[in-house]
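Worksheet for the structure shown next.
The values are calculated or read from the model by the stated rules, or taken from the named source; none is laboratory data. Fair warning: this is a prediction, and the values are worked out from it, not measured in the lab. Note that we place each Cβ from the backbone using ideal geometry, even for glycine, and neighbour counts take in every protein chain shown. In case anyone asks, the SASA skips ligands and DNA or RNA and just uses the protein heavy atoms, side chains included. Shrake-Rupley method; radii C 1.70, N 1.55, O 1.52, S 1.80 Å.
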Amino acid sequence: TFELYLTALPDDVTSEEAPQKHEVSRGRGETVLVAEDEDGVRGVVTRILSRNGYTVLPASSGSTALDIFSRQTEEIDVVLTDVIMPGMSGKELADRIEQLRPGIPILYMSGYEDRTISQRGVLKGKGYVRKPFSATELLREIDRALEGSLLKR
């Protein structure tokens, strides 16, 4: 026997009154440096961002991302990096990028548990999106990172 208990809605609530999803604004050509060592994830992120108005510079490692950043420092609006990558971690990449351009928005992504990442001090003052994520979640976090950087200018 299974028993299900569902929360009842008041009689005066209609489906039209259901909460609307937060609209995410599309990019306007902003450039996102994406550092992700997994080809599939990097490809999906690139497609999501490209289809939504962003210019994407994909990098398969932290060192490749740092090289791209050092050549195009002023053109890059936000950095999206995996936390755990072979060679140079996302934290190391973020630290080096911030030395080159303090205040640039950096957004971390990871499949590890939030607590594990935060215990390592990685998330301090940075945006974060947990894998797996939806296109809406990714776009919302990119939007927030960019919005925060515009407020500081």
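Odds and ends about this structure:
- Residue in region 119-141 that is modelled with the highest pLDDT, counting only those that are charged (D, E, K, R) and more than 9 Å from the chain's Cα centre (by Cα): Lys131
- Test: residue in region 51-62 that is open to solvent by less than 20 Å² (accessible area, probe 1.4 Å), in contact (Cβ under 8 Å) with a residue 60 or more places away in the chain and not aromatic (Phe, Trp, Tyr): no
To keep it simple, each residue is scored yes or no on (1) part of a strand (DSSP E or B); (2) modelled with pLDDT under 95.
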position: His22; (1), (2): no, yes
position: Arg26; (1), (2): no, yes
position: Val45; (1), (2): no, no
position: Leu49; (1), (2): no, no
position: Leu66; (1), (2): no, no
position: Leu80; (1), (2): yes, no
position: Ile84; (1), (2): no, yes
position: Gln99; (1), (2): no, no
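- Flag for Glu30 being at pLDDT 95 or above, over 22 Å from Tyr128 (Cβ atoms) and not hydrophobic (A, V, I, L, M, F, W, C): no
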